[in-house]
Amino acid sequence: MSAGAVTAATAPGRPKGMGPRTEATLRIVAPVAVGLIVLGIWQFLVSVVGVSDYLLPSPVSIIEELIASWDSIVQATLITGTNALIGLVLGSILGILLAAVAARWRPIDRMSAPVVAMLAVVPIVALAPVLNSMFGADSQFGRQAIATLASFVPVFLNTLRGFRQTVPVHRDLMRAYAASSGQVLRTLTLPTARPFILTGIRIASSLAVISALVAEYFGGPRGGLGSLISTSAASSQYARAWAYVVASIALGLVFYLATLGLERLLQRHTPQARRRP
Amino acid sequence: MSEPVTQVAAVEVRGVDKVFETRSGNVQALEPIDLTVAAGEFVSLIGPSGCGKSTLMRLVADLDEPTAGTVEVFGKTSRRARLDQEYGIAFQQAGLLPWRTVAGNVALPLELHGEASAARASRIAELLDMVGLADFADRYPDQLSGGMQQRVAIARALAERPRLLLMDEPFGALDEMTREKMQTELVRISAETGAAVVFVTHSIPEAVFLSDRVVVMSPRPGRIREIVAMRLGAEAERAERTEELREERVFFDMVTAVREALHGGSPIGTGARGVETR
Ligand SMILES: Nc1ncnc2c1ncn2[C@@H]1O[C@H](COP(=O)(O)OP(=O)(O)OP(=O)(O)O)[C@@H](O)[C@H]1O
Ligand SMILES: [Mg+2]
């Protein structure tokens, strides 16, 4: 949860002697294959070796549970997903705006640095019980606030870093053109920072889902994936708990893939060979 | 030059020196320098690496402030001239924006200064044609060779038909053939537009071929050692500086004159570092 991990916007290099098509296929096929093998072993352990279905529900029983309580799972996913989405959007906007301000005015940078460092190292879900009771038992606001905070940190850190990537010759050029500060922001600073901002949002997307979900473990209204996982587990309905876990994984993946898609879309015109150290 | 004497100089540098304050102490990059570039005049700066050619050019462009002295461009302060967009500039590095296409890069100054998009498109086509990159309008800078990138930067510098062109070793990355072609182009462009040019180079023949006057600088701290007037400019109009000139006697005489000025009377061969004598 410590979101201090600032990852540069570098795409991993493609192994030599591998076409882009082969590589793309492999990237999809490999994890699917691994997943199937794991599921196979799991099913084997439960149904052949005889590990108690009560302790470790088999994949088949989890799928049955998924189908049986499909409506409530979709409901729960929507609730948690909405919280995470609101948090991601708000956190990203806040992060970008504050980073712009911090990049522009040194004193604000100085003042915000320790606060952000604190936010980055303190597990943000630790705030969950406090916020949940602050905003009352029937408000989703505490969870959204937690998801916002969790998203804010990586977006802020990456954006700030991105804003500092402009090179001297480009700044000289803008000065020679007597460009206004708005023009500099639009034509130079933002495009330079764009891959960093998008990387920040991609990191934030997973954190938003995780924190929205985990925040539900600490009270507040029922109905989200997190609270249903904890109630099902508490009442020993392990297969159902696992079904909700599967839904959580799917939700996280959707968020991740959506932001990855956004990144691809906005970077489409950026040639692959944007070399960054 | 044939301009009336009353015409205001393109560049007027008076008593300019520049000290860079660094952590490890002060660096005197330029000793007091006086230099006047007339409107429409082509002046080259030549000298060993680190003698302050780029620094001088940056002072004229108001990208740095002189420690002492004044810089005027067309009778205005260099700051006013920058704000009024009196000059076009090409840096030692091409400095293209990697997320913009070739056409987008050339369009940048036109866009920033609010040129209408129809006029912009035709101007870009014209410029790309001129630097021989018409077929590369939609490419990105990292898909071009270094020389091609530099040509895009030159097209960008010319985009707004400035009265003054500041060029810092713009042809440094070009092969000999392209280089000579670009030199001929530059002579044509500057004659056509009547633009004054301040041109930094390491190549003596290039300076001789292009210039009305060659300013020879010496290093540490940078100062003007000698200003060599090119008889070429007086004898012939600039437009007539054709390829044949490169093989004429007077050309080699001027090359020799600049070489001797560079070496400051010391026997040639002990070498001012960083200057090509080809
Ligand atoms: N920003 C700076 N800070 C400190 N010293 C500098 C700075 N810019 C230039 N200098 C110093 O000023 C001197 C002149 O540098 P300049 O770049 O003008 O040389 P130059 O003649 O253009 O060299 P070259 O032909 O290699 O481009 C050098 O000694 C350099 O170290
Ligand atoms: Mg230089």
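Just a few scattered comments:
- Take every pair of alpha-carbon atoms less than 8 Å apart whose residues are at least six positions apart; their mean separation over the length of the range B:93-161 yields a relative contact order of 52 percent.
- Per-residue ³J(HN,Hα) for the range A:167-176, Karplus 6.51 cos²θ - 1.76 cosθ + 1.60, θ = phi - 60°, Hz, x for Gly and Pro: 9, x, 5, 6, 5, 4, 4, 5, 5, 4
- Solvent-accessible surface ranking, highest first, for B:Asp253, B:Asp175 at 1.4 angstrom: B:Asp175, B:Asp253
- The spacing between the range A:79-119 and the range B:89-103, judged by their C-alpha centroids, is 32 Å.
- Contact order relative to length of chain B, as percent, for alpha carbon pairs under 8 angstrom and 6 or more apart: 25
- Chain A: angle of helix A:238-266 to the longest principal axis, Cα-based, in degrees nearest 10: 20
- Delta accessible area of at least 20 Å² on complex formation, residues of the range A:191-205, 1.4 Å probe, chain isolated as reference: A:Pro191
- Whole-percent pair-distance distribution, where bins are 10 Å wide, for the alpha carbons of the range A:59-274: 9, 29, 28, 19, 10, 4, 1, 0
- By accessible area with a 1.4 Å probe, ligands and nucleic acids excluded, highest first: order of A:Tyr177, A:Tyr217, A:Tyr238: A:Tyr217, A:Tyr238, A:Tyr177
- Amide H contacts of A:Gly223 (H built 1.01 Å from N, in plane; Pro and chain starts excluded): A:Leu228 sit under 5 Å, all sequence-distant by 5 or more or on other chains.
- Rounded to whole Å, sorted largest first: equivalent-ellipsoid semi-axes of the range B:93-161, Cα gyration tensor: 18, 12, 11
- Lysine pair number, Cα distance threshold 26 Å (strictly under), the protein assembly as shown, separation 8 or more or different chains: 4
- Area of A:Leu98 that stays accessible when all protein chains are in place (1.4 Å probe, Å², to 10): 80
- Note, ³J(HN,Hα) from phi for the range B:42-59, Karplus 6.51, -1.76, 1.60, rounded to Hz, x at Gly and Pro: 10, 10, 9, 10, 9, x, x, 4, x, 8, x, 5, 4, 4, 4, 5, 5, 5
- With helices as the sole contributors, the protein assembly as shown gives -17000 deg cm²/dmol at 222 nm; each DSSP H run of n ≥ 4 counts as -39500 (n - 2.57), and the sum is divided by every residue.
- Taking amide H atoms as placed 1.01 Å from N in the peptide plane, the amide H of B:Gly40 lies under 5 Å from those of B:Ala196, each 5 or more residues away in sequence or on another chain.
- Highest mobility in the GNM of chain A, judged by mean-square fluctuation with C-alpha springs under 10 Å and restricted to A:Pro129, A:Pro20, A:Pro57, is found for A:Pro20.
- Of A:Thr80, A:Thr166, A:Thr259, the residue with the greatest mean-square motion in the GNM of chain A, using alpha carbon springs below 10 Å, is A:Thr166.
- Shielding by partners, peptide A:171-184 (average Cβ within 10 angstrom, other chains): 5
- Trypsin sites (Lys or Arg not before Pro) lying in DSSP loop within the range B:1-75, provided at most 15 other Cβ fall within 10 Å: B:Arg23
- Working note: Karplus 6.51/-1.76/1.60 with θ = phi - 60° gives the range A:211-226 the couplings 6, 4, 6, 5, 4, 6, 5, 10, x, x, x, 7, x, x, 4, x Hz, where Gly and Pro are set to x.
- Two-decimal ratio, the protein assembly as shown, of alpha-carbon radius of gyration to 2.2 N^0.38 Å: 1.34
- Within a Gaussian network of chain A (alpha carbon springs, distance under 10 Å), most fluctuating of A:Ala99, A:Ala145, A:Ala24: A:Ala24
- Amide hydrogen neighbours beyond the local backbone of B:Glu226, cut-off 5 Å, H modeled: B:Val216
- Accessible area (Å², 1.4 Å probe, nearest 10) - A:Leu253: 90
- Where B:Phe209, B:Phe20 fall by accessible area, highest first, once all protein chains stay in place (1.4 Å): B:Phe20, B:Phe209
- When +1 charges are put on Lys and Arg Cβ atoms and -1 charges on Asp and Glu Cβ atoms, the dipole computed for chain A relative to its Cα centre reaches about 1720 debye.
- Peptide B:122-132 has a mean shielding of 0, counted as Cβ atoms of other protein chains within 10 Å of each residue's Cβ.
- Rounded Å value of the spacing that divides the Cα centres of the range A:159-198 and the range B:168-207: 30
- Cβ neighbours within 10 Å from other chains - mean over B:87-98: 4
The values are calculated or read from the model by the stated rules, or taken from the named source; none is laboratory data. This one's a predicted model, so the numbers in the text were calculated from it and none came from an experiment. As a convention, Cβ positions derive from the backbone with ideal geometry for all residues, glycine included, and neighbour counts pool all protein chains shown. For accessibility, only protein heavy atoms count, side chains too; no ligands or nucleic acids. Shrake-Rupley method; radii C 1.70, N 1.55, O 1.52, S 1.80 Å.
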